[in-house]
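Engineer: I have a structure I would like to understand better, so I am pasting it below and will then ask my questions one at a time.
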4 protein chains.
Amino acid sequence: MSCSFGEKIKISVFGQSHSEAIGIVVDGIPAGIKLDMDKISRFMARRAPGKNAYSTKRKEADIPTIISGIVDGITCGAPLCAVIKNSDQHSKDYSKLKTLPRPSHSDFAAYVKHNGFNDIRGGGNFSGRMTAPLCFAGAVAMQILEEKGIRIGAHIEKIAGVKDSRFDPVNVNADLLKDVSSKEFPLIDDSVKEKILSKIEAARLDGDSVGGVIECAVTGLPAGLGEPMFDGVENVISRAVFAIPAIKGIEFGNGFDCADLRGSENNDDFIITDGKITAKTNNHGGILGGITSSMPVIFRVAVKPTPSISKPQMTVNLETMTQEELVIEGRHDPCIVPRAVPCIEAVTALALINLI
Amino acid sequence: MSCSFGEKIKISVFGQSHSEAIGIVVDGIPAGIKLDMDKISRFMARRAPGKNAYSTKRKEADIPTIISGIVDGITCGAPLCAVIKNSDQHSKDYSKLKTLPRPSHSDFAAYVKHNGFNDIRGGGNFSGRMTAPLCFAGAVAMQILEEKGIRIGAHIEKIAGVKDSRFDPVNVNADLLKDVSSKEFPLIDDSVKEKILSKIEAARLDGDSVGGVIECAVTGLPAGLGEPMFDGVENVISRAVFAIPAIKGIEFGNGFDCADLRGSENNDDFIITDGKITAKTNNHGGILGGITSSMPVIFRVAVKPTPSISKPQMTVNLETMTQEELVIEGRHDPCIVPRAVPCIEAVTALALINLI
Amino acid sequence: MSCSFGEKIKISVFGQSHSEAIGIVVDGIPAGIKLDMDKISRFMARRAPGKNAYSTKRKEADIPTIISGIVDGITCGAPLCAVIKNSDQHSKDYSKLKTLPRPSHSDFAAYVKHNGFNDIRGGGNFSGRMTAPLCFAGAVAMQILEEKGIRIGAHIEKIAGVKDSRFDPVNVNADLLKDVSSKEFPLIDDSVKEKILSKIEAARLDGDSVGGVIECAVTGLPAGLGEPMFDGVENVISRAVFAIPAIKGIEFGNGFDCADLRGSENNDDFIITDGKITAKTNNHGGILGGITSSMPVIFRVAVKPTPSISKPQMTVNLETMTQEELVIEGRHDPCIVPRAVPCIEAVTALALINLI
Amino acid sequence: MSCSFGEKIKISVFGQSHSEAIGIVVDGIPAGIKLDMDKISRFMARRAPGKNAYSTKRKEADIPTIISGIVDGITCGAPLCAVIKNSDQHSKDYSKLKTLPRPSHSDFAAYVKHNGFNDIRGGGNFSGRMTAPLCFAGAVAMQILEEKGIRIGAHIEKIAGVKDSRFDPVNVNADLLKDVSSKEFPLIDDSVKEKILSKIEAARLDGDSVGGVIECAVTGLPAGLGEPMFDGVENVISRAVFAIPAIKGIEFGNGFDCADLRGSENNDDFIITDGKITAKTNNHGGILGGITSSMPVIFRVAVKPTPSISKPQMTVNLETMTQEELVIEGRHDPCIVPRAVPCIEAVTALALINLI
């Protein structure tokens, strides 16, 4: 439990933000797959920190070292283990957090859960840094999915109230997903980029942060994938997505909007397109009864603003049990949304590979 | 997988809408618990069909027969198995659906998944009827949780665009949850009831349906429950909630609204209340880093309008592969939201009992 | 846990010896399989009690009623649930056992585990009767395996010191397995039957019981099945086999005898037979590194003598905490070995179906 | 599956005999445990190779590096990951094995399973070397068990036909287990040591190997542990034990001998000892109905002679599909039994910690 996921391809994540290293074991990868390490590195670079004004100043190369599971670059059927060094941790920034839990961060909950023995440095095992190994495993899973014609792509749907376009739920295709995903700042409509960046910069200058929404689409999934009830596509993707820190909501298809529609407005008629059964509209987001319908799978997730802000906040001193003002030091992202985009793609790949 | 859920208390659901019976095995219930069968029956009655204008006309008493797991009304440590007879099924209504999948229903996806051998009658294993055994197991789980001071309650937050009040995320308490849950039409603010009922009736008269939103709260959870990453409270509840047909979204705390806030607005300061650490606000919905914070857990789910409507719709004939108009016969709920309220409570109980 | 098994095809057993009924849910059976109910019934009859002098006098027809998972006799992809009525239980025979645990029976361990709330009647959930639903599920699994050319068969290798022949580990084949399995008293060499029966009868007349060894073989398994380490064929079969009450040991291939051999004697040279790679001998019992080698899988299990004997025995009164003589009433098998033979085949089928 | 085990404390093993390193993730260890690294190292040294005439000449220090899960030597609740370098691998010794599978080794089965992509060097993921990380995790589990008064110890019961004494199944205690386990050559009766060593040396000089039996006992287990059916103590221990390469059989209590006894001889009367309920004898090996009885748990496992021998053997060339003589090079244990003793203790600890 906890840091493990999957039945066919099972991952087990380890590490803390400031431990010697972090990493992942991926058990169940078939033998005989030539891993495209360049592609994996490029994917991981999309999440890596320290590259621009809107991400933390912590610099980590995030180069995975594969310790097992391959022979001459080809998977051998043994569990794949990749380790990523932690090299730029500043543990002393966190000394006072041992007694002063950061508002809306995991510190207090982790303190209670682990009787005060939790690793507070950088958020420990709850850190966003733990998504780096998820991105490694996700990149491996995506390579396998892409060989089956399945493509996953996500973009920033909204940051600080400024909206990008949404995917066309019927016509979104692999080329668009590839194109959007490869952008440094993944938007469908690049014209909103400057406005978003200025919102983030304004928050940063205020010692504050902003949240947003990410939209993800999957094309190429055949109809009939998923299990009813507890292992439907929605169940498995949502379970995986909430592994990413700061995610507070998920909706499939037209999601919460469907609540205001009538059945006759929300239902998607079946039609024949190019000799195959598809649907005229895709309010259902590619999933019916938990099972894929062959339409693109579409979902959106809400990302809360980074809880680590430098503005003074109120908290409780765990030793003295008195209220105290806290000013968080350390290096933090004024907006986590852009770096969360590949993470959402990665866990989606890890969820789907278990249903295929 | 599929119809099973849970590690400590594991459920296994069986049955189809028109099979001889439906039921559930609950493995892991501790020995020595005196089951309050009256309370279980009252809980299941909240979901049972055929009681009013806004639910299906199918009449099912939904009386569970316990076949194993108890001796003289007390659990004996063996798996608890309860069976519920199907008695009012009209299978002939479904004969034409074998070739004409209903739009936005599971029929087509199930047909592909099971190579045409799926039980189409009443939606088979994908039917909303499968939530009856979930409510049985949920009622048992709730009894155990309530003995630990944990109370779950949900209400209709919105139907057809008409809104109820929301729970106060800081002050919601067990008495309110008990009060709201016991209403036949569970609203916080009963003054909106007539308006909602008239919207449902209007849809029914049009041969149409309406959707809505359900809000659920849990009080009495101590801080420190849940596991990081894949078995956090959000992961487990969301996986469970998508087992209920027609759910298309879930959000915790202020959910999608948090995306538009700054960190300084969204963060919940820690304070001391009655000598205990709590938070001044509860935008985080009682969950930080996947772990309970001791604040009430709050979440909302989107319920799509019932896809089974009697208005003519377009579909594809699976035999002739031509488009065809479909008029669905049978007895359907013009609004599934009220009956889904106890189902949401039930799966929440089944999720939480595995984290305690 | 406990009464559940399997990942691809997951079973969940329920019931107690004297509950209203016992049964099983089988989740994951593919849709479209026409169940051969006659064959399933014949298989279950091999285990059914009350048929001869060496089994309990309790008479149970053991007719499974399928409540879900089939439409017109064909699996529909929904979980298969079968229920078997308990009809001939004599619960009053067990009243005194509530305080007087039977030596070498589960009574005392179950009493401690369940704080005295365990169902003592007939052994409750620990009863050998719980193997009836396992045989149902095993028969279904065997039907699927047989369609893939895989055949499972077991025989009495020894009872009360009297030995049958063993399977030829290289040349055992499906015809022999079918032939032996279909015997009422499954021996390879029928000439020892009378001697064994007289040993059992002698024990029965003494109010005593006898144990034995069962040998099981599986033919038609391709090479390459099983996972390394914890999900090898030996791991999975042994975990399954110890679900049968009274089993106290298992050995694969030449088993404990290999301990006395040198590598050069125990190793099985690879050879080519009919253009395929096989082994000249089969000391390894068809499993190397946990993975099938394409040779027949062979294993033997030790069955202890039925602990329920009518001879006076010493036990401790749980209420008074004094030692007390116990004379067990009720109807018991003087030798459980013959009825355990199909049970071993059944759990082997359930184990293997998860590896294919 | 495959290289993962456990529900409460879940391990995930990675590595191959000749990969850069091998290691293990242990997820679920409670926070706040001070790891006794000296004790862990001493335990691992019992398994480490290269120390004497009867083990392989491969020299590995087997020092585990802990990469995550601890802060200042104390567990922090995050998964514990330990990595062990491979430093003395001689991969070229294995070049010819790619086409010439060693008799009674996993090579052929792994080749088929992984379509020829398996890592053949040193047996890859199937190597006995993979028991090093198991010993690390087992040592951690033993530390936790010992704090609860539970002690595990094993000894060589037999090698090459020469027998040690057996544990007294009623009176075996923690002191004896500690004493036996700490011996370099773990025997109860040291007087047979020279005879055994000479048998091993004789085999070694012949380019051959010998097998044996290991007996393991666990004291201090309270009554009532284990689950019925598939998660009983026998099920879980046997599943774990077959993860150790070369194990071909397991028996609990008097095991296969019980098959020749009558119930009246095999049953263990309950008695009162020091005010507590125990049994007069312990033929049941401390387990009744899969549940602990409070008597010592006793079991024995059969260890086959090391299949890697330097005597010429017959095999099949996988490329040419012709029979060919094989002389195995590389460094191999003439007897694996002594080094397997701590491995059996380790997996027993990993099995039991999931039942507590």
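The values are calculated or read from the model by the stated rules, or taken from the named source; none is laboratory data. Just so you know, these numbers come straight off a predicted model, no measurement behind them. Methodologically, a virtual Cβ is constructed for each residue, glycine included, from the backbone with ideal geometry; neighbour enumeration extends over all protein chains shown. Keep in mind that these areas ignore ligands, DNA and RNA; they rest on the heavy atoms of the full protein, side chains included. Shrake-Rupley method; radii C 1.70, N 1.55, O 1.52, S 1.80 Å.
Engineer: Can you give the calculated 222 nm mean residue ellipticity of the protein assembly as shown, where each DSSP H run of n ≥ 4 adds -39,500 (n - 2.57) and the sum is split over every residue, rounded to the nearest 500 deg cm²/dmol? Numbers along the way, then the final one.
Structural biologist: Details: 32 runs with 342 residues, N = 1424.
That comes out to -7000 deg cm²/dmol.
Engineer: I would also like to ask the following. Could you sort out which of A:39/D:98; D:158/D:199; C:113/D:148 sit more than 22 Å apart by Cα distance in this structure? Could you put the intermediate results ahead of the total?
Structural biologist: Details: A:39/D:98 30 Å; D:158/D:199 11 Å; C:113/D:148 18 Å.
A:39/D:98, as the Cα separations exceed 22 Å there.
Engineer: Projected onto the charge dipole of segment D:4-353 (+1 at Lys/Arg Cβ, -1 at Asp/Glu Cβ, origin at the Cα centre), which of D:343, D:233, D:120 gives the Cα projection farthest towards the positive end?
Structural biologist: D:120
Engineer: Then there is this: Springs between alpha-carbon atoms under 10 Å, Gaussian network over chain A: tell me which of A:217, A:45, A:53 tops the mean-square fluctuations.
Structural biologist: A:53
Engineer: Still on this model: How would A:321, B:44 line up by accessible area, probe 1.4 Å, largest first?
Structural biologist: Numbers: A:321 75, B:44 5 Å².
I get A:321, B:44, largest accessible area first.
Engineer: Explain nothing, just compute: Karplus ³J(HN,Hα) = 6.51 cos²θ - 1.76 cosθ + 1.60, θ = phi - 60°, for every residue of segment A:214-224 in order, whole Hz, x for Gly and Pro.
Structural biologist: Listing the rounded values in order: 10, 10, 10, 10, 10, 10, x, 6, x, 5, x Hz.
Engineer: While we're here: Pick out, in residue order, every one of the trypsin sites (Lys or Arg not before Pro) in segment A:4-35 that is DSSP loop and has at most 16 other C-beta atoms within 10 Å; say none if there are none. Present the calculation step by step, with values, prior to reporting the outcome.
Structural biologist: Working: sites: A:8, A:10, A:34; in loops: A:8.
Listed in order of number, the matching sites are A:8.
Engineer: By Cβ position, which chain A residue lies least far from the axis that rotates chain A onto chain C, and what is the distance to the nearest whole angstrom?
Structural biologist: Residue with the nearest Cβ, plus whole-Å distance, for chain A: A:7, 3.
Engineer: Give a quick list of GluC sites (Glu not before Pro) in segment D:295-353 that DSSP marks as loop, anything other than H, G, I, E or B, with at most 12 other Cβ atoms within 10 Å.
Structural biologist: Details: sites: D:319, D:324, D:325, D:329, D:345; in loops: D:319, D:329.
Listed in order of number, the matching sites are D:319.
Engineer: Next question. In segment C:4-353, how does Rg compare with the Kirkwood Rh, expressed as the Rg/Rh ratio over alpha carbon atoms? All intermediate terms of the calculation are to be shown ahead of the outcome.
Structural biologist: Working: Rg = 20.8 Å, Rh = 21.2 Å.
Radius of gyration over Kirkwood radius for segment C:4-353 works out to 0.98.
Engineer: Now, a different point. Any chance you could check the Cα centroid distance between segment C:84-134 and segment D:18-49 for me, in angstrom?
Structural biologist: 42 Å
Engineer: Find the relative contact order for segment C:1-49 and round it to a whole percent, using C-alpha pairs within less than 8 Å whose residues are 6+ positions apart.
Structural biologist: Values: 35 pairs, mean separation 11.7, N = 49.
Worked out over segment C:1-49, it gives 24 percent.
Engineer: I need the phi-derived Karplus couplings for segment D:260-266: 6.51 cos²θ - 1.76 cosθ + 1.60, θ = phi - 60°, integer Hz, Gly and Pro marked x.
Structural biologist: 9, 9, 8, x, 5, 8, 8
Engineer: Kindly give the distances from residue C:61 to its copy-mates, label point to label point, with each label point 7 Å from Cα along Cα→Cβ, as nm values to one decimal ordered shortest first.
Structural biologist: Label point to label point, same position, other copies: 2.4, 7.4, 7.6 nm.
Engineer: Continuing with this model, one more query. Just from the alpha-carbon atoms, what are the Rg and Dmax of the protein assembly as shown in angstroms?
Structural biologist: Cα-based Rg and Dmax for the protein assembly as shown come out at 31.4, 94 Å.
Engineer: Under 17 Å between alpha carbons, and skipping anything fewer than 8 positions from residue C:34 in its own chain: which aspartates and glutamates qualify?
Structural biologist: By straight Cα distance, residue C:34 reaches B:119, C:72, C:146, C:147.
Engineer: Among C:262, C:166, C:129, whose mean-square fluctuation peaks in a Gaussian network model of chain C (Cα, cutoff 10 Å)?
Structural biologist: Looking only at C:262, C:166, C:129, the biggest GNM fluctuation is shown by C:262.
Engineer: A follow-up question, please. In percent, what relative contact order does chain A have, based on Cα pairs under 8 Å that are 6 or more apart in sequence?
Structural biologist: Numbers: 748 pairs, mean separation 80.2, N = 356.
So the answer I get is 23 percent.
Engineer: Please list the non-local residues whose amide H lies under 5 Å from the amide H of residue B:5, H modeled 1.01 Å from N, same-chain partners needing a gap of 5 or more.
Structural biologist: It is B:11, by chain and number.
Engineer: Right, next: Determine the dipole magnitude for segment B:253-337: charges of +1 sit on the beta-carbon of Lys and Arg, -1 on that of Asp and Glu, nothing else is charged, the reference point is the Cα centre, and the result goes in debye to the nearest 20. It would help to have the intermediate numbers written out before the result.
Structural biologist: Values: 7 positive and 11 negative charges, 57 e Å.
That gives a dipole near 280 debye.
Engineer: Here's another thing I want to ask about it. With +1 on each Lys and Arg Cβ and -1 on each Asp and Glu Cβ, and nothing else charged, work out how big the dipole of chain D is about its Cα centre, in Debye to the nearest 20. If you can, show how the numbers build up before the last one.
Structural biologist: Numbers: 40 positive and 43 negative charges, 154 e Å.
It works out to roughly 740 debye.
Engineer: Expressed as a whole percent, how much of the Cα-Cα distance distribution for segment B:155-289 exceeds 21 Å?
Structural biologist: Details: 4828 of 9045 pairs.
When all Cα pairs of segment B:155-289 are counted, 53 percent exceed 21 Å.
Engineer: Hey, another quick one. Please enumerate, by chain and number, the aspartates and glutamates with C-alpha under 15 Å from the C-alpha of residue C:8, excluding those fewer than 8 residues away in the same chain.
Structural biologist: Those aspartates and glutamates meeting the cut-off are A:7, A:227, A:231, C:27, C:227, C:231.
Engineer: What are the membrane-span-like helices in chain D by this rule: whole DSSP H runs, Cα extent along the axis at least 15 Å, mean Kyte-Doolittle hydropathy at least 0.5?
Structural biologist: On the way: long enough: D:37-47 (16 Å, -0.80); D:131-147 (24 Å, 1.03); D:193-205 (18 Å, -0.29); D:337-353 (24 Å, 1.59).
For chain D, where a helix must reach 15 Å along its axis and average at least 0.5, the hits are D:131-147, D:337-353.
Engineer: Let me ask you something else. At residue A:314, label 7 Å along Cα→Cβ: distances to the other copies, nm, ascending?
Structural biologist: So the label point of residue A:314 gives 5.8, 7.2, 8.6 nm to the other copies.
Engineer: How many angstrom lie between the Cα centre of segment B:274-348 and the Cα centre of segment A:244-283?
Structural biologist: Centre-to-centre distance over Cα atoms comes out at 14 Å.
Engineer: In addition: Under the convention of a label 7 Å out along Cα→Cβ, give the distances in nm from residue A:37 to the same position in every other copy, shortest first.
Structural biologist: Label-point separations across copies, in nm and ascending: 3.0, 6.1, 6.7.
Engineer: Additional query: Which residue fluctuates most in the GNM of chain D (Cα springs below 10 Å): D:279, D:109, D:61?
Structural biologist: Of D:279, D:109, D:61, the most mobile in the Gaussian network model is D:109.
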